[in-house]
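Trainee: Let me begin by handing over the structure; questions about it come next.
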Amino acid sequence: YMHSDSKTLYFSSNGRVGVGGMDIYYCKMNDDGTFSDPKNIGYPINTEEDQLGIVVSSDGELAYFGANKYLGGKGMDIFEFKMPDQAKPERVLVLKGEVKNEEGNPVQNASVEVKYAQSGTTEKISVNNDDGSYAAIVRMNQKEDVLLSVAGDGIAFNSRIVAKKEDTKPPVVIKLNMETMTEMENKPFVINDIMYSTNSAEIEKDSKLILDEFAAYLVVHPSLEIEIRGHTDNVGNDQSNLTLSMDRAFEVLNYLASKGVEGKRMSYKGFGETKPVSSNDTEEGRSKNRRTEFLIRRM
């Protein structure tokens, strides 16, 4: 059984020195593609009878196996046990979802990129052209911030945070659907996960990870000129909301400039609460209205 970490292999064998019969062993793939020497998972999991057919949970905490005449039983039965620390696989996050355009259709010839922020390592995964589905394995043992981006011809920048390095108990599976927008002049697009402190233009720490990626994207696309647009919900004073939206857009411009984007390629504007995209009667609607948009002035 190859665990979803793509590195840890579990198998049963009676061809090695062990406790007796078919014993369960494990080994791990090294960075060069070779495997470590197999290790017996040990007693009391292995006995003088046969143990085989091991399956390990995605989080590596539990395992299930078949055993013959185990614990006084007769014939083959299935058992569960807590995986010993030394035999646990790497902690991983299974990330899956769909990539579709604004009309709800699968995006053709697109890919998703998993980036480990601190090391800069990037892994590219193809998106199924038929239904827009994708699946990726994120390694959590590295203790890095992880972002997911969509790449493809004519696709506007789109990136999301999927894991944080300080997560002590990250989820095992995340379903994340990504909606893409066409990259074209004079059409605004939203970058999700750009958040600010309450009633402030201060950009939250996690959001800077997204802006770092966007800045890198702009640097390698030097012909793009953008307008940064700030929007708020309708809570509070109209004029205060207008001022706040302008301050936030200006703060984003300054941050992108600090990451190497030429100031002459960027402008900013605040609209306050005047251009809602959803109802302000619900928290979900208000959260959609509190957004930062980017308009491509020139490609």
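Trainee: As a check on your grasp of the helix formula, calculate [θ] at 222 nm for the chain: sum -39500 (n - 2.57) over DSSP H runs of n ≥ 4, divide by the residue count, round to the nearest 500.
Mentor: -4500 deg cm²/dmol
Trainee: Skip the ligands, DNA and RNA, and give the accessible area per residue of the chain with a 1.4 Å probe, whole Å².
Mentor: Using a 1.4 Å probe on heavy atoms only, each residue of the chain averages 52 Å².
Trainee: Another one. Show me, for segment 144-159, the HN-Hα J-couplings you get by feeding each phi into the Karplus relation (A = 6.51, B = -1.76, C = 1.60, θ = phi - 60°), rounded to Hz, glycine and proline as x.
Mentor: These are the phi-based 3J(HN,Hα) values: 10, 6, 10, 10, 10, 10, 9, 10, x, 4, x, 8, 5, 3, 8, 9 Hz.
Trainee: With N denoting the number of residues in the chain, provide Rg(C-alpha) divided by 2.2 N^0.38 Å, to two decimal places.
Mentor: Ratio of Rg to 2.2 N^0.38 Å for the chain: 1.31.
Trainee: Considering only DSSP states other than H, G, I, E and B, which trypsin sites (Lys or Arg not before Pro) in segment 50-82 qualify as loop sites with at most 13 other Cβ atoms within 10 Å?
Mentor: Those that pass, being in a loop and sparsely packed, are LYS74.
Trainee: Compare the Cα positions of THR122, ASN105, SER278 along the charge dipole of the chain (+1 at Cβ of Lys, Arg; -1 at Cβ of Asp, Glu; about the Cα centre) and return the one farthest towards the positive end.
Mentor: The one lying farthest along the dipole's positive direction is THR122.
Trainee: Give a quick list of GluC sites (Glu not before Pro) in segment 1-97 that DSSP marks as loop, anything other than H, G, I, E or B, with at most 10 other Cβ atoms within 10 Å.
Mentor: Counting only loop positions with at most 10 other Cβ atoms within 10 Å, none of the GluC sites (Glu not before Pro) in segment 1-97 qualifies.
Trainee: Moving to a separate point now. Quote the accessible area belonging to ARG248 in square angstrom, nearest 10, computed with a 1.4 Å probe and with ligands, DNA and RNA left uncounted.
Mentor: Spelled out: ARG248, probe radius 1.4 Å, area about 30 Å².
Trainee: Still on this structure, I have one more. Run the quick spin-label model on SER287 and LYS205: label points 7 Å from Cα toward the beta carbon, then report their separation in nm to one decimal.
Mentor: The answer from the label model is 2.1 nm.
Trainee: OK, next. Remind me, relative contact order of segment 180-299 in percent, using alpha carbon pairs under 8 angstrom and six or more residues apart?
Mentor: Numbers: 223 pairs, mean separation 46.5, N = 120.
Here the relative contact order equals 39 percent.
Trainee: Where does segment 58-214 land on Rg/Rh, using Cα atoms and the Kirkwood Rh? Can you show the working numbers first?
Mentor: Numbers: Rg = 20.3 Å, Rh = 18.2 Å.
Computed over Cα atoms, the ratio is 1.12.
Trainee: So what are the radius of gyration and Dmax for the Cα set of segment 168-299, in Å?
Mentor: 15.2, 44
Trainee: How big is the Cα convex hull of segment 1-61 in projection, averaged over all directions, in nm²? Mind showing how you got there, number by number?
Mentor: Details: hull surface 17.0 nm².
Value for segment 1-61: 4.3 nm².
Trainee: Measuring from label point to label point, each 7 Å out along Cα→Cβ, what is the LYS143 to VAL55 span in nm?
Mentor: In this crude label model, LYS143 to VAL55 measures out at 3.4 nm.
Trainee: Using a simple charge model, +1 on the beta-carbon of Lys and Arg, -1 on the beta-carbon of Asp and Glu, nothing else, what dipole does segment 185-299 show about its Cα centre, in debye to the nearest 20?
Mentor: 420
Trainee: Pairing the Cα long axis of helix 238-258 with the longest principal axis of the chain, what angle in degrees results, from 0 to 90 and rounded to the nearest 10?
Mentor: For helix 238-258, the angle is close to 60 degrees.
Trainee: Right, something else. Using only the Cα atoms, what convex hull volume per residue in Å³ does segment 177-250 have?
Mentor: 126
Trainee: While we're here: How high is the relative contact order of the chain, given as a whole-number percent (alpha carbon pairs under 8 Å, six or more residues apart)? Don't skip to the answer; put the middle values down first.
Mentor: On the way: 657 pairs, mean separation 36.4, N = 299.
Relative contact order comes out at 12 percent.
Trainee: Using the beta-carbon distance between PHE81 and ASP131 and R0 = 25 Å, what value does 1/(1 + (r/R0)^6) give for FRET efficiency, to the nearest 0.05?
Mentor: 0.10
Trainee: About its Cα centre, what dipole magnitude does the chain give when the only charges are +1 on Lys and Arg Cβ and -1 on Asp and Glu Cβ, stated in debye to the nearest 20?
Mentor: The calculated dipole for the chain is roughly 340 debye.
Trainee: Place a point 7 Å from Cα of SER279 in the direction of its Cβ. Which residues in segment 169-191 have their backbone N less than 19 Å from it?
Mentor: Nothing falls inside the zone, counting backbone N under 19 Å.
Trainee: If one takes the longest principal axis of the Cα atoms in the chain, at what angle in degrees, from 0 to 90 and to the nearest 10, does the Cα axis of helix 205-219 lie?
Mentor: 70
Trainee: Could you check the simple spin-label distance between VAL17 and LYS269, using points 7 Å along Cα→Cβ, in nm with one decimal?
Mentor: Once both label points are built, they end up 7.8 nm from each other.
Trainee: Summarise the accessible area of the chain (1.4 Å probe, protein heavy atoms) by the percent that is carbon and sulfur.
Mentor: About 47 percent, which is the carbon plus sulfur part of the accessible surface.
Trainee: Now a separate question. When we measure straight from the Cα of LYS187, which lysines land under 26 angstrom away, once same-chain ones fewer than 8 places off are left out?
Mentor: Straight-distance partners of LYS187: LYS100, LYS208, LYS259, LYS264, LYS269, LYS275, LYS288.
Trainee: Follow-up. Taking only C-alpha pairs under 8 Å that are 6+ residues apart, what is the relative contact order of segment 125-199 in percent? Walk me through the numbers before you get to the answer.
Mentor: Details: 69 pairs, mean separation 19.1, N = 75.
Computed value for segment 125-199: 25 percent relative contact order.
Trainee: Set the Förster radius R0 to 45 Å, insert the Cβ-Cβ distance between GLU185 and LYS164 as r into 1/(1 + (r/R0)^6), and round the FRET efficiency to 0.05.
Mentor: With R0 = 45 Å, the Cβ-Cβ based efficiency is 0.80.
Trainee: Amide H of SER159 versus every other amide H placed in the peptide plane: which residues, excluding those fewer than 5 positions away on the same chain, fall under 5 Å?
Mentor: Distant-sequence amide H within range of SER159: ASN192.
Trainee: What number do you get for segment 57-148 when its Cα radius of gyration is normalised by 2.2 N^0.38 Å, N = residues?
Mentor: 1.59
Trainee: Rank LYS7, LYS96, LYS169 by accessible area, highest first, at a 1.4 Å probe radius?
Mentor: From most accessible down to least: LYS169, LYS96, LYS7.
The values are calculated or read from the model by the stated rules, or taken from the named source; none is laboratory data. Note that the structure is a prediction, hence the values are computed from the model and not measured. Every residue, glycine among them, receives a Cβ derived from its backbone with ideal geometry; neighbour counts consider all protein chains shown. Accessible surface is based on the protein model in full, side chains and every heavy atom, while ligands, DNA and RNA are left aside. Shrake-Rupley method; radii C 1.70, N 1.55, O 1.52, S 1.80 Å.
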